[in-house]
1. Can you tell me which residue is nearest to residue A:71 (Cα to Cα) among those in segment A:173-192 that are assigned to a helix (DSSP H, G or I) and within 12 Å of DNA strand C (Cβ to nearest atom)?
2. Which residues, taken from segment A:235-245, are within 22 Å of the chain's Cα centre (by Cα) and either assigned to a loop (DSSP other than H, G, I, E, B) or over 29 Å from residue B:93 (Cβ atoms) (or both)?
3. Would you be able to say whether some residue in segment B:102-109 is in contact (Cβ under 8 Å) with a residue 40 or more places away in the chain and within 7 Å of chain A (Cβ to nearest Cβ)?
4. Go through segment B:70-89 residue by residue and tally those that are closer than 20 Å to residue B:135 by Cβ and more than 7 Å from chain A (Cβ to nearest Cβ).
5. Return the residue satisfying two criteria in turn: it lies in segment B:193-234 and is in contact with a strand residue (DSSP E or B) (Cβ under 7 Å, 6 or more places away or on another chain) and part of a loop (DSSP other than H, G, I, E, B), and of such residues it is farthest from DNA strand D (Cβ to nearest atom).
6. State whether one or more residues within segment B:117-126 are out of contact with any helix residue (DSSP H, G or I) (no Cβ under 9 Å at 6 or more places or on another chain), at the interface with chain A (Cβ under 10 Å from one of its Cβ atoms) and either at pLDDT 95 or above or not in a loop (DSSP other than H, G, I, E, B) (or both).
7. Would a scan of segment A:109-130 turn up a residue that is within 16 Å of DNA strand C (Cβ to nearest atom) and either within 23 Å of residue B:191 (Cβ to Cβ) or buried (at least 23 other Cβ atoms within 10 Å of the Cβ) (or both)?
8. Could you check segment A:150-164 and list, in sequence order, the residues that are away from chain B (no Cβ under 14 Å) and within 14 Å of DNA strand C (Cβ to nearest atom)?
DNA sequence: CGTCTGTTTGATCCTTTTCAATGCGTGTGG
DNA sequence: CCACACGCATTGAAAAGGATCAAACAGACG
(Lines give C-alpha, C1' and ligand atoms only; values in the text may rest on other atoms or scores of the structure.)
Protein backbone atom coordinates (compact mmCIF):
# COMPACT_ATOMS: atom_id res chain seq x y z
CA UNK A 1 0.00 0.00 0.00
CA UNK A 2 1.68 3.20 -1.16
CA UNK A 3 1.89 6.30 0.97
CA UNK A 4 -0.10 8.38 -1.50
CA UNK A 5 -2.99 5.97 -1.24
CA UNK A 6 -3.30 5.93 2.49
CA UNK A 7 -3.95 9.67 2.44
CA UNK A 8 -7.44 8.78 1.27
CA UNK A 9 -9.53 6.04 2.80
CA UNK A 10 -11.88 6.11 -0.10
CA UNK A 11 -9.02 5.68 -2.55
CA UNK A 12 -7.92 2.61 -0.63
CA UNK A 13 -11.31 1.00 -1.09
CA UNK A 14 -11.29 1.79 -4.80
CA UNK A 15 -7.74 0.47 -5.11
CA UNK A 16 -9.09 -2.96 -4.33
CA UNK A 17 -11.06 -2.71 -7.56
CA UNK A 18 -8.61 -1.06 -9.96
CA UNK A 19 -5.18 0.53 -10.08
CA UNK A 20 -5.78 4.25 -9.61
CA UNK A 21 -3.77 6.89 -11.44
CA UNK A 22 -1.93 9.65 -9.58
CA UNK A 23 -4.41 12.13 -10.97
CA UNK A 24 -7.30 10.18 -9.56
CA UNK A 25 -5.65 9.72 -6.19
CA UNK A 26 -4.99 13.43 -6.08
CA UNK A 27 -8.64 14.17 -6.77
CA UNK A 28 -9.81 11.74 -4.12
CA UNK A 29 -7.49 13.26 -1.57
CA UNK A 30 -9.33 16.51 -1.90
CA UNK A 31 -12.53 14.89 -0.71
CA UNK A 32 -10.77 14.14 2.54
CA UNK A 33 -9.04 17.45 3.02
CA UNK A 34 -11.07 18.37 6.11
CA UNK A 35 -11.49 16.20 9.19
CA UNK A 36 -14.07 16.11 11.92
CA UNK A 37 -13.99 14.06 15.10
CA UNK A 38 -17.07 12.36 16.47
CA UNK A 39 -17.48 10.95 19.93
CA UNK A 40 -19.04 7.56 20.40
CA UNK A 41 -22.80 8.05 20.30
CA UNK A 42 -22.65 11.35 18.39
CA UNK A 43 -25.34 11.84 15.78
CA UNK A 44 -23.85 13.14 12.54
CA UNK A 45 -27.14 13.41 10.74
CA UNK A 46 -30.64 13.29 12.15
CA UNK A 47 -33.51 11.72 10.22
CA UNK A 48 -35.75 14.16 8.35
CA UNK A 49 -33.40 17.04 9.01
CA UNK A 50 -31.58 18.78 6.21
CA UNK A 51 -27.86 18.19 6.04
CA UNK A 52 -26.59 18.38 2.58
CA UNK A 53 -23.01 17.47 3.22
CA UNK A 54 -21.32 14.26 2.23
CA UNK A 55 -18.68 12.42 4.22
CA UNK A 56 -16.00 9.83 3.92
CA UNK A 57 -15.68 7.80 7.08
CA UNK A 58 -12.00 7.69 7.91
CA UNK A 59 -11.82 5.97 11.27
CA UNK A 60 -14.26 4.17 13.53
CA UNK A 61 -17.60 2.50 13.04
CA UNK A 62 -20.94 4.16 12.42
CA UNK A 63 -24.47 3.11 11.60
CA UNK A 64 -27.35 4.44 9.58
CA UNK A 65 -30.87 3.87 10.82
CA UNK A 66 -34.48 5.00 10.65
CA UNK A 67 -36.95 5.47 13.48
CA UNK A 68 -40.53 4.33 13.05
CA UNK A 69 -43.69 5.91 14.37
CA UNK A 70 -44.00 3.41 17.19
CA UNK A 71 -40.53 4.30 18.43
CA UNK A 72 -38.80 1.22 17.08
CA UNK A 73 -35.56 1.52 15.17
CA UNK A 74 -34.27 -0.26 12.11
CA UNK A 75 -30.55 -0.17 11.58
CA UNK A 76 -29.97 -0.09 7.83
CA UNK A 77 -26.24 -0.46 7.58
CA UNK A 78 -23.03 -0.42 9.53
CA UNK A 79 -20.39 1.90 8.18
CA UNK A 80 -16.67 1.37 8.06
CA UNK A 81 -13.58 3.33 7.06
CA UNK A 82 -13.63 4.22 3.39
CA UNK A 83 -17.41 4.32 3.13
CA UNK A 84 -18.95 7.35 1.47
CA UNK A 85 -21.89 8.40 3.57
CA UNK A 86 -24.72 10.88 3.38
CA UNK A 87 -25.43 10.33 -0.31
CA UNK A 88 -29.14 9.56 0.19
CA UNK A 89 -29.43 12.73 2.24
CA UNK A 90 -28.50 15.11 -0.53
CA UNK A 91 -31.50 14.09 -2.64
CA UNK A 92 -34.22 15.17 -0.26
CA UNK A 93 -35.08 18.17 1.83
CA UNK A 94 -34.81 15.98 4.92
CA UNK A 95 -32.41 13.07 5.17
CA UNK A 96 -34.15 9.71 4.84
CA UNK A 97 -31.81 8.16 7.38
CA UNK A 98 -29.89 9.07 10.51
CA UNK A 99 -26.16 8.63 10.96
CA UNK A 100 -24.62 7.90 14.33
CA UNK A 101 -21.12 7.03 15.57
CA UNK A 102 -20.82 3.63 17.26
CA UNK A 103 -17.27 4.32 18.34
CA UNK A 104 -15.10 7.42 18.35
CA UNK A 105 -14.84 8.33 14.70
CA UNK A 106 -13.16 10.61 12.22
CA UNK A 107 -15.16 11.73 9.21
CA UNK A 108 -14.14 13.92 6.29
CA UNK A 109 -16.95 16.22 5.18
CA UNK A 110 -17.08 17.49 1.63
CA UNK A 111 -19.47 19.44 -0.47
CA UNK A 112 -21.92 18.15 -3.06
CA UNK A 113 -20.18 20.29 -5.63
CA UNK A 114 -16.96 18.38 -4.99
CA UNK A 115 -18.77 15.20 -5.98
CA UNK A 116 -20.13 16.93 -9.05
CA UNK A 117 -16.66 18.11 -10.07
CA UNK A 118 -15.23 14.67 -9.55
CA UNK A 119 -17.81 13.18 -11.88
CA UNK A 120 -16.99 15.69 -14.60
CA UNK A 121 -13.23 15.55 -14.31
CA UNK A 122 -12.77 11.86 -13.60
CA UNK A 123 -15.28 9.70 -15.45
CA UNK A 124 -13.64 6.52 -14.28
CA UNK A 125 -14.06 7.58 -10.68
CA UNK A 126 -17.69 8.36 -11.45
CA UNK A 127 -18.06 4.82 -12.73
CA UNK A 128 -16.29 3.46 -9.66
CA UNK A 129 -18.62 5.36 -7.35
CA UNK A 130 -21.46 3.77 -9.28
CA UNK A 131 -19.86 0.37 -8.75
CA UNK A 132 -19.42 0.92 -5.03
CA UNK A 133 -23.07 2.03 -4.82
CA UNK A 134 -24.08 -1.19 -6.49
CA UNK A 135 -22.05 -3.29 -4.09
CA UNK A 136 -23.82 -1.53 -1.27
CA UNK A 137 -27.11 -2.11 -3.02
CA UNK A 138 -26.49 -5.83 -3.31
CA UNK A 139 -25.55 -5.96 0.38
CA UNK A 140 -28.85 -4.28 1.16
CA UNK A 141 -30.83 -6.79 -0.88
CA UNK A 142 -28.98 -9.60 0.87
CA UNK A 143 -30.13 -8.11 4.14
CA UNK A 144 -33.63 -7.79 2.74
CA UNK A 145 -33.73 -11.51 2.00
CA UNK A 146 -32.30 -12.19 5.41
CA UNK A 147 -35.06 -10.22 7.16
CA UNK A 148 -37.80 -11.55 4.95
CA UNK A 149 -36.92 -15.19 4.77
CA UNK A 150 -34.49 -16.44 7.39
CA UNK A 151 -34.77 -17.45 11.05
CA UNK A 152 -33.57 -15.43 14.00
CA UNK A 153 -30.50 -17.59 14.51
CA UNK A 154 -29.46 -17.33 10.87
CA UNK A 155 -29.85 -13.55 10.95
CA UNK A 156 -27.63 -13.15 13.98
CA UNK A 157 -25.08 -15.49 12.44
CA UNK A 158 -25.08 -13.59 9.18
CA UNK A 159 -24.62 -10.30 10.97
CA UNK A 160 -21.59 -11.64 12.79
CA UNK A 161 -20.08 -12.83 9.53
CA UNK A 162 -20.74 -9.51 7.85
CA UNK A 163 -19.17 -7.55 10.69
CA UNK A 164 -16.12 -9.77 10.62
CA UNK A 165 -15.68 -9.31 6.88
CA UNK A 166 -16.10 -5.56 7.01
CA UNK A 167 -13.72 -5.19 9.92
CA UNK A 168 -11.22 -7.39 8.14
CA UNK A 169 -11.32 -5.15 5.09
CA UNK A 170 -9.72 -2.44 7.21
CA UNK A 171 -7.67 -4.56 9.54
CA UNK A 172 -6.16 -7.60 7.84
CA UNK A 173 -4.95 -8.95 11.18
CA UNK A 174 -8.53 -9.95 12.01
CA UNK A 175 -9.11 -13.59 11.24
CA UNK A 176 -12.12 -15.21 12.80
CA UNK A 177 -12.07 -13.33 16.06
CA UNK A 178 -13.08 -9.73 16.68
CA UNK A 179 -14.54 -7.31 19.19
CA UNK A 180 -18.22 -6.87 18.72
CA UNK A 181 -18.67 -3.14 19.27
CA UNK A 182 -22.44 -3.49 19.47
CA UNK A 183 -25.01 -4.00 22.18
CA UNK A 184 -27.48 -6.83 21.78
CA UNK A 185 -30.16 -4.22 21.31
CA UNK A 186 -28.26 -2.83 18.33
CA UNK A 187 -27.88 -6.30 16.88
CA UNK A 188 -31.62 -6.69 17.31
CA UNK A 189 -32.37 -3.40 15.58
CA UNK A 190 -30.22 -4.50 12.66
CA UNK A 191 -31.75 -7.97 12.38
CA UNK A 192 -35.35 -7.11 13.15
CA UNK A 193 -35.35 -8.91 16.51
CA UNK A 194 -35.68 -7.94 20.16
CA UNK A 195 -32.57 -7.71 22.30
CA UNK A 196 -33.94 -10.53 24.45
CA UNK A 197 -34.17 -12.87 21.51
CA UNK A 198 -30.76 -11.83 20.20
CA UNK A 199 -29.36 -12.88 23.54
CA UNK A 200 -30.97 -16.29 23.28
CA UNK A 201 -29.74 -16.78 19.73
CA UNK A 202 -26.19 -15.81 20.68
CA UNK A 203 -26.09 -18.32 23.49
CA UNK A 204 -27.63 -20.93 21.26
CA UNK A 205 -24.93 -20.35 18.66
CA UNK A 206 -22.42 -20.56 21.47
CA UNK A 207 -23.88 -23.76 22.84
CA UNK A 208 -23.86 -25.37 19.42
CA UNK A 209 -20.21 -24.53 19.05
CA UNK A 210 -20.66 -22.14 16.13
CA UNK A 211 -19.20 -19.21 18.03
CA UNK A 212 -17.36 -18.46 21.25
CA UNK A 213 -17.74 -15.32 23.32
CA UNK A 214 -15.57 -13.63 25.91
CA UNK A 215 -16.98 -10.29 27.10
CA UNK A 216 -17.82 -8.62 23.84
CA UNK A 217 -15.18 -10.52 21.92
CA UNK A 218 -16.55 -13.02 19.43
CA UNK A 219 -14.82 -15.92 17.71
CA UNK A 220 -16.40 -17.62 14.73
CA UNK A 221 -15.81 -21.34 15.11
CA UNK A 222 -17.79 -22.67 12.21
CA UNK A 223 -18.10 -20.14 9.42
CA UNK A 224 -19.45 -22.51 6.83
CA UNK A 225 -22.48 -23.41 8.95
CA UNK A 226 -23.20 -19.75 9.69
CA UNK A 227 -22.79 -18.75 6.06
CA UNK A 228 -24.92 -21.53 4.66
CA UNK A 229 -27.81 -21.15 7.06
CA UNK A 230 -28.12 -17.46 6.29
CA UNK A 231 -27.16 -17.46 2.61
CA UNK A 232 -24.33 -15.10 3.45
CA UNK A 233 -22.00 -13.93 0.70
CA UNK A 234 -19.23 -11.38 1.06
CA UNK A 235 -20.20 -8.95 -1.68
CA UNK A 236 -16.91 -7.09 -1.58
CA UNK A 237 -15.19 -10.12 -3.03
CA UNK A 238 -15.29 -11.40 -6.57
CA UNK A 239 -15.94 -8.09 -8.28
CA UNK A 240 -15.15 -8.15 -12.00
CA UNK A 241 -15.01 -4.88 -13.85
CA UNK A 242 -13.37 -4.67 -17.22
CA UNK A 243 -15.73 -2.18 -18.77
CA UNK A 244 -14.67 1.00 -16.99
CA UNK A 245 -13.77 4.10 -18.98
CA UNK A 246 -10.09 4.93 -19.38
CA UNK A 247 -8.71 6.92 -16.44
CA UNK A 248 -7.65 10.55 -16.62
CA UNK B 1 -44.18 15.31 -23.04
CA UNK B 2 -42.29 15.95 -26.29
CA UNK B 3 -41.99 13.36 -29.00
CA UNK B 4 -38.23 13.16 -28.72
CA UNK B 5 -38.51 12.21 -25.09
CA UNK B 6 -40.91 9.35 -25.49
CA UNK B 7 -38.40 7.57 -27.67
CA UNK B 8 -36.58 6.72 -24.46
CA UNK B 9 -38.33 5.49 -21.34
CA UNK B 10 -35.27 6.15 -19.29
CA UNK B 11 -35.11 9.73 -20.52
CA UNK B 12 -38.70 10.20 -19.42
CA UNK B 13 -37.84 9.19 -15.88
CA UNK B 14 -34.85 11.53 -15.84
CA UNK B 15 -36.98 14.34 -17.27
CA UNK B 16 -38.92 14.35 -14.03
CA UNK B 17 -35.72 15.40 -12.32
CA UNK B 18 -34.18 17.90 -14.74
CA UNK B 19 -34.70 19.35 -18.20
CA UNK B 20 -32.56 17.23 -20.51
CA UNK B 21 -30.64 18.68 -23.46
CA UNK B 22 -31.10 17.34 -26.99
CA UNK B 23 -27.61 15.90 -26.81
CA UNK B 24 -28.46 14.00 -23.71
CA UNK B 25 -31.75 12.73 -25.08
CA UNK B 26 -29.94 11.59 -28.19
CA UNK B 27 -27.44 9.66 -26.11
CA UNK B 28 -30.15 8.03 -24.02
CA UNK B 29 -32.04 6.98 -27.12
CA UNK B 30 -29.10 4.86 -28.15
CA UNK B 31 -29.44 2.77 -25.01
CA UNK B 32 -32.88 1.78 -26.22
CA UNK B 33 -32.02 1.14 -29.83
CA UNK B 34 -32.69 -2.60 -29.62
CA UNK B 35 -35.87 -4.20 -28.32
CA UNK B 36 -36.67 -7.61 -26.96
CA UNK B 37 -40.06 -9.03 -26.10
CA UNK B 38 -40.64 -11.14 -23.03
CA UNK B 39 -43.65 -13.30 -22.33
CA UNK B 40 -45.25 -13.23 -18.93
CA UNK B 41 -43.24 -15.52 -16.69
CA UNK B 42 -40.08 -15.36 -18.81
CA UNK B 43 -36.83 -15.25 -16.88
CA UNK B 44 -34.52 -12.58 -18.27
CA UNK B 45 -31.70 -13.33 -15.91
CA UNK B 46 -31.19 -16.33 -13.67
CA UNK B 47 -29.54 -16.03 -10.28
CA UNK B 48 -25.84 -16.93 -10.15
CA UNK B 49 -25.65 -17.17 -13.90
CA UNK B 50 -23.51 -14.78 -15.91
CA UNK B 51 -25.36 -12.24 -18.01
CA UNK B 52 -23.44 -9.11 -18.43
CA UNK B 53 -26.00 -7.13 -20.32
CA UNK B 54 -27.96 -4.19 -19.06
CA UNK B 55 -31.54 -3.37 -19.89
CA UNK B 56 -34.03 -0.57 -19.80
CA UNK B 57 -37.51 -1.83 -19.13
CA UNK B 58 -39.77 -0.24 -21.71
CA UNK B 59 -43.14 -1.85 -21.19
CA UNK B 60 -44.67 -4.19 -18.63
CA UNK B 61 -43.84 -5.13 -15.07
CA UNK B 62 -40.98 -7.29 -13.87
CA UNK B 63 -39.48 -8.36 -10.57
CA UNK B 64 -36.06 -9.10 -9.20
CA UNK B 65 -35.70 -11.83 -6.60
CA UNK B 66 -33.35 -14.25 -4.90
CA UNK B 67 -33.90 -17.88 -4.03
CA UNK B 68 -32.72 -19.21 -0.70
CA UNK B 69 -31.31 -22.62 0.12
CA UNK B 70 -34.55 -23.82 1.64
CA UNK B 71 -36.38 -23.01 -1.58
CA UNK B 72 -38.04 -19.85 -0.35
CA UNK B 73 -37.98 -16.73 -2.46
CA UNK B 74 -37.49 -13.09 -1.56
CA UNK B 75 -38.72 -10.58 -4.10
CA UNK B 76 -36.38 -7.62 -3.91
CA UNK B 77 -38.05 -5.12 -6.14
CA UNK B 78 -40.77 -4.65 -8.69
CA UNK B 79 -39.65 -3.07 -11.92
CA UNK B 80 -41.52 -0.60 -14.06
CA UNK B 81 -41.05 1.15 -17.39
CA UNK B 82 -38.00 3.39 -17.36
CA UNK B 83 -36.11 1.32 -14.81
CA UNK B 84 -32.53 0.42 -15.63
CA UNK B 85 -32.06 -3.20 -14.72
CA UNK B 86 -29.23 -5.68 -14.50
CA UNK B 87 -26.72 -3.25 -13.02
CA UNK B 88 -25.88 -5.46 -10.02
CA UNK B 89 -25.31 -8.34 -12.43
CA UNK B 90 -22.42 -6.76 -14.27
CA UNK B 91 -20.28 -6.61 -11.15
CA UNK B 92 -20.08 -10.32 -10.45
CA UNK B 93 -19.36 -13.47 -12.35
CA UNK B 94 -22.87 -14.66 -11.50
CA UNK B 95 -25.79 -12.30 -11.13
CA UNK B 96 -26.76 -11.75 -7.49
CA UNK B 97 -30.44 -11.60 -8.42
CA UNK B 98 -32.86 -13.07 -10.89
CA UNK B 99 -35.08 -11.02 -13.22
CA UNK B 100 -38.47 -12.25 -14.33
CA UNK B 101 -41.37 -10.77 -16.31
CA UNK B 102 -44.63 -10.47 -14.39
CA UNK B 103 -46.54 -9.43 -17.50
CA UNK B 104 -45.68 -9.40 -21.18
CA UNK B 105 -42.77 -6.99 -21.37
CA UNK B 106 -40.49 -5.12 -23.72
CA UNK B 107 -36.90 -4.60 -22.63
CA UNK B 108 -34.08 -2.78 -24.38
CA UNK B 109 -30.74 -4.52 -23.93
CA UNK B 110 -27.52 -2.55 -24.13
CA UNK B 111 -23.89 -3.22 -23.53
CA UNK B 112 -21.82 -2.31 -20.52
CA UNK B 113 -19.56 -0.28 -22.77
CA UNK B 114 -22.53 1.88 -23.70
CA UNK B 115 -22.92 2.77 -20.05
CA UNK B 116 -19.23 3.47 -19.84
CA UNK B 117 -19.36 5.78 -22.86
CA UNK B 118 -22.35 7.58 -21.49
CA UNK B 119 -20.52 8.32 -18.26
CA UNK B 120 -17.55 9.75 -20.14
CA UNK B 121 -19.48 11.79 -22.66
CA UNK B 122 -22.32 12.98 -20.48
CA UNK B 123 -21.21 13.68 -16.92
CA UNK B 124 -24.59 15.05 -15.98
CA UNK B 125 -26.25 11.83 -17.06
CA UNK B 126 -23.68 9.95 -14.99
CA UNK B 127 -24.72 12.03 -12.01
CA UNK B 128 -28.38 11.40 -12.77
CA UNK B 129 -27.81 7.67 -12.92
CA UNK B 130 -26.18 8.00 -9.53
CA UNK B 131 -29.23 9.90 -8.29
CA UNK B 132 -31.63 7.27 -9.62
CA UNK B 133 -29.55 4.58 -7.95
CA UNK B 134 -29.84 6.43 -4.68
CA UNK B 135 -33.61 6.74 -4.99
CA UNK B 136 -33.72 3.01 -5.51
CA UNK B 137 -31.42 2.54 -2.56
CA UNK B 138 -33.67 4.58 -0.29
CA UNK B 139 -36.67 2.56 -1.46
CA UNK B 140 -34.78 -0.57 -0.53
CA UNK B 141 -33.97 0.70 2.94
CA UNK B 142 -37.63 1.63 3.39
CA UNK B 143 -38.49 -1.94 2.56
CA UNK B 144 -35.80 -3.12 4.96
CA UNK B 145 -37.43 -1.20 7.80
CA UNK B 146 -40.79 -2.52 6.73
CA UNK B 147 -39.60 -6.13 6.91
CA UNK B 148 -37.68 -5.65 10.11
CA UNK B 149 -40.07 -3.58 12.12
CA UNK B 150 -43.65 -3.55 10.91
CA UNK B 151 -46.61 -5.91 11.19
CA UNK B 152 -47.98 -8.11 8.45
CA UNK B 153 -50.93 -5.83 7.81
CA UNK B 154 -48.77 -2.74 7.50
CA UNK B 155 -46.45 -4.50 5.07
CA UNK B 156 -49.23 -5.52 2.77
CA UNK B 157 -50.69 -2.02 2.94
CA UNK B 158 -47.35 -0.44 2.15
CA UNK B 159 -46.85 -2.74 -0.81
CA UNK B 160 -50.20 -1.75 -2.25
CA UNK B 161 -49.34 1.92 -1.87
CA UNK B 162 -45.96 1.44 -3.50
CA UNK B 163 -47.45 -0.44 -6.44
CA UNK B 164 -50.04 2.26 -6.94
CA UNK B 165 -47.41 5.00 -6.93
CA UNK B 166 -45.12 3.18 -9.33
CA UNK B 167 -47.94 2.34 -11.72
CA UNK B 168 -49.12 5.93 -11.55
CA UNK B 169 -45.68 7.17 -12.57
CA UNK B 170 -46.23 5.54 -15.95
CA UNK B 171 -49.98 5.90 -16.23
CA UNK B 172 -51.25 9.16 -14.80
CA UNK B 173 -54.84 8.03 -15.23
CA UNK B 174 -54.43 5.73 -12.22
CA UNK B 175 -55.77 7.37 -9.12
CA UNK B 176 -56.45 5.11 -6.17
CA UNK B 177 -57.60 2.10 -8.10
CA UNK B 178 -55.47 -0.34 -10.08
CA UNK B 179 -55.13 -3.93 -11.23
CA UNK B 180 -52.92 -5.91 -8.95
CA UNK B 181 -50.93 -8.04 -11.38
CA UNK B 182 -49.61 -10.23 -8.58
CA UNK B 183 -50.62 -13.46 -6.91
CA UNK B 184 -50.91 -13.49 -3.15
CA UNK B 185 -47.87 -15.72 -3.08
CA UNK B 186 -45.88 -13.02 -4.87
CA UNK B 187 -47.09 -10.42 -2.42
CA UNK B 188 -45.96 -12.75 0.33
CA UNK B 189 -42.54 -13.23 -1.20
CA UNK B 190 -42.14 -9.47 -1.41
CA UNK B 191 -43.30 -8.79 2.15
CA UNK B 192 -41.73 -11.77 3.89
CA UNK B 193 -45.06 -13.45 4.60
CA UNK B 194 -46.82 -16.63 3.55
CA UNK B 195 -49.52 -16.46 0.91
CA UNK B 196 -52.02 -17.69 3.47
CA UNK B 197 -51.32 -14.80 5.76
CA UNK B 198 -51.32 -12.30 2.91
CA UNK B 199 -54.82 -13.48 2.14
CA UNK B 200 -55.91 -12.89 5.70
CA UNK B 201 -54.35 -9.45 5.79
CA UNK B 202 -55.98 -8.44 2.53
CA UNK B 203 -59.40 -9.43 3.77
CA UNK B 204 -58.75 -7.71 7.04
CA UNK B 205 -57.84 -4.50 5.22
CA UNK B 206 -60.96 -4.97 3.18
CA UNK B 207 -63.14 -5.55 6.22
CA UNK B 208 -61.76 -2.46 7.92
CA UNK B 209 -62.63 -0.40 4.89
CA UNK B 210 -59.03 0.49 4.00
CA UNK B 211 -59.25 -1.16 0.60
CA UNK B 212 -61.82 -2.69 -1.73
CA UNK B 213 -61.23 -5.62 -4.04
CA UNK B 214 -62.96 -6.88 -7.16
CA UNK B 215 -61.18 -9.85 -8.76
CA UNK B 216 -57.61 -8.63 -8.85
CA UNK B 217 -58.58 -4.98 -8.97
CA UNK B 218 -57.74 -3.03 -5.83
CA UNK B 219 -59.03 0.34 -4.68
CA UNK B 220 -57.30 2.21 -1.88
CA UNK B 221 -60.00 3.72 0.28
CA UNK B 222 -57.93 5.16 3.09
CA UNK B 223 -54.43 5.99 1.99
CA UNK B 224 -53.46 7.98 5.02
CA UNK B 225 -54.09 5.05 7.36
CA UNK B 226 -52.14 2.69 5.14
CA UNK B 227 -49.26 5.11 4.77
CA UNK B 228 -49.00 5.95 8.43
CA UNK B 229 -49.11 2.42 9.75
CA UNK B 230 -46.30 1.35 7.46
CA UNK B 231 -44.20 4.53 7.43
CA UNK B 232 -44.65 4.66 3.70
CA UNK B 233 -43.11 7.53 1.74
CA UNK B 234 -43.09 7.88 -2.02
CA UNK B 235 -39.37 8.33 -2.63
CA UNK B 236 -39.79 9.43 -6.20
CA UNK B 237 -41.30 12.67 -4.98
CA UNK B 238 -39.60 15.62 -3.38
CA UNK B 239 -36.21 15.16 -5.02
CA UNK B 240 -34.06 18.30 -4.89
CA UNK B 241 -30.96 18.42 -7.00
CA UNK B 242 -29.24 21.71 -7.68
CA UNK B 243 -25.69 20.45 -7.57
CA UNK B 244 -25.53 18.54 -10.86
CA UNK B 245 -22.76 19.28 -13.35
CA UNK B 246 -23.62 21.38 -16.38
CA UNK B 247 -25.05 19.35 -19.25
CA UNK B 248 -23.28 18.66 -22.52
C1' DC C 1 -20.98 2.52 47.20
C1' DG C 2 -24.78 3.41 44.46
C1' DT C 3 -26.15 4.21 39.79
C1' DC C 4 -26.46 3.09 35.07
C1' DT C 5 -26.15 0.40 31.17
C1' DG C 6 -26.26 -3.90 29.28
C1' DT C 7 -26.75 -9.08 29.78
C1' DT C 8 -29.17 -13.13 31.19
C1' DT C 9 -33.12 -15.95 32.37
C1' DG C 10 -38.02 -17.38 33.06
C1' DA C 11 -43.00 -17.35 32.07
C1' DT C 12 -46.60 -16.09 29.22
C1' DC C 13 -48.77 -14.14 25.16
C1' DC C 14 -49.48 -13.42 20.39
C1' DT C 15 -48.50 -13.11 15.59
C1' DT C 16 -47.49 -15.77 11.90
C1' DT C 17 -46.54 -20.36 9.99
C1' DT C 18 -47.76 -24.82 8.83
C1' DC C 19 -50.80 -28.33 7.38
C1' DA C 20 -54.95 -29.56 5.30
C1' DA C 21 -59.05 -29.12 2.76
C1' DT C 22 -62.42 -26.73 -0.10
C1' DG C 23 -63.88 -23.82 -3.70
C1' DC C 24 -63.49 -21.30 -7.94
C1' DG C 25 -62.38 -20.14 -12.76
C1' DT C 26 -59.96 -21.26 -16.84
C1' DG C 27 -58.06 -23.91 -20.29
C1' DT C 28 -57.60 -28.41 -22.53
C1' DG C 29 -58.29 -32.82 -24.56
C1' DG C 30 -61.58 -36.27 -25.48
C1' DC D 1 -69.95 -30.04 -24.74
C1' DC D 2 -68.21 -32.29 -20.77
C1' DA D 3 -64.75 -34.04 -17.62
C1' DC D 4 -60.65 -33.03 -15.71
C1' DA D 5 -56.52 -30.80 -14.28
C1' DC D 6 -54.29 -26.86 -12.64
C1' DG D 7 -53.32 -22.53 -10.52
C1' DC D 8 -54.97 -19.56 -7.26
C1' DA D 9 -57.97 -17.86 -3.39
C1' DT D 10 -60.07 -18.97 0.86
C1' DT D 11 -60.84 -20.97 5.37
C1' DG D 12 -59.96 -23.70 9.69
C1' DA D 13 -57.15 -25.83 13.35
C1' DA D 14 -52.87 -26.61 15.47
C1' DA D 15 -47.96 -25.51 16.14
C1' DA D 16 -44.05 -22.65 16.48
C1' DG D 17 -41.12 -18.87 16.62
C1' DG D 18 -40.51 -14.47 18.60
C1' DA D 19 -42.32 -10.76 21.42
C1' DT D 20 -43.46 -9.03 25.78
C1' DC D 21 -43.17 -8.50 30.65
C1' DA D 22 -40.59 -8.89 34.68
C1' DA D 23 -36.71 -9.67 37.49
C1' DA D 24 -32.03 -10.83 38.65
C1' DC D 25 -27.35 -10.10 37.63
C1' DA D 26 -22.68 -8.17 36.12
C1' DG D 27 -19.48 -4.67 35.14
C1' DA D 28 -18.07 0.26 34.62
C1' DC D 29 -17.79 4.57 36.42
C1' DG D 30 -18.31 8.75 39.11
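The values are calculated or read from the model by the stated rules, or taken from the named source; none is laboratory data. Bear in mind that the values here come from a model prediction, so they are computed numbers and not experimental data. Here Cβ is always computed from backbone atoms with ideal geometry, including for glycine, and neighbour counts include all displayed protein chains.
1. So the first thing to find is which residues in segment A:173-192 are assigned to a helix (DSSP H, G or I), and the list is A:184-191.
Retained after the next criterion (residues that are within 12 Å of DNA strand C (Cβ to nearest atom)): A:184-189.
Working: A:184: 17, A:185: 14, A:186: 14, A:187: 17, A:188: 14, A:189: 12 Å.
Checking each candidate, the answer is A:189.
2. To start, the set of residues in segment A:235-245 that are within 22 Å of the chain's Cα centre (by Cα) comprises A:235-241.
Hits for segment A:235-245 are A:235, A:236, A:237, A:238, A:240, A:241.
3. Restricting attention to segment B:102-109, the residues satisfying the condition of being in contact (Cβ under 8 Å) with a residue 40 or more places away in the chain are B:102-109.
Restricting the remaining residues to those that are within 7 Å of chain A (Cβ to nearest Cβ) gives none.
No, because not a single residue in segment B:102-109 is in contact (Cβ under 8 Å) with a residue 40 or more places away in the chain and within 7 Å of chain A (Cβ to nearest Cβ).
4. Taking segment B:70-89 as the starting set, the residues that turn out to be closer than 20 Å to residue B:135 by Cβ are B:75-89.
Okay, now just the ones that are also more than 7 Å from chain A (Cβ to nearest Cβ), so B:75, B:77-86, B:89.
Number of matching residues: 12.
5. If we take residues in segment B:193-234 being in contact with a strand residue (DSSP E or B) (Cβ under 7 Å, 6 or more places away or on another chain) and part of a loop (DSSP other than H, G, I, E, B), then B:221 is farthest from DNA strand D (Cβ to nearest atom).
6. Residues of segment B:117-126 out of contact with any helix residue (DSSP H, G or I) (no Cβ under 9 Å at 6 or more places or on another chain): none.
The answer is no, given that none of the residues of segment B:117-126 is out of contact with any helix residue (DSSP H, G or I) (no Cβ under 9 Å at 6 or more places or on another chain), at the interface with chain A (Cβ under 10 Å from one of its Cβ atoms) and either at pLDDT 95 or above or not in a loop (DSSP other than H, G, I, E, B) (or both).
7. As a first pass, look at segment A:109-130 and keep what is within 16 Å of DNA strand C (Cβ to nearest atom): none.
No, the conditions are met nowhere in segment A:109-130.
8. A:160, A:163
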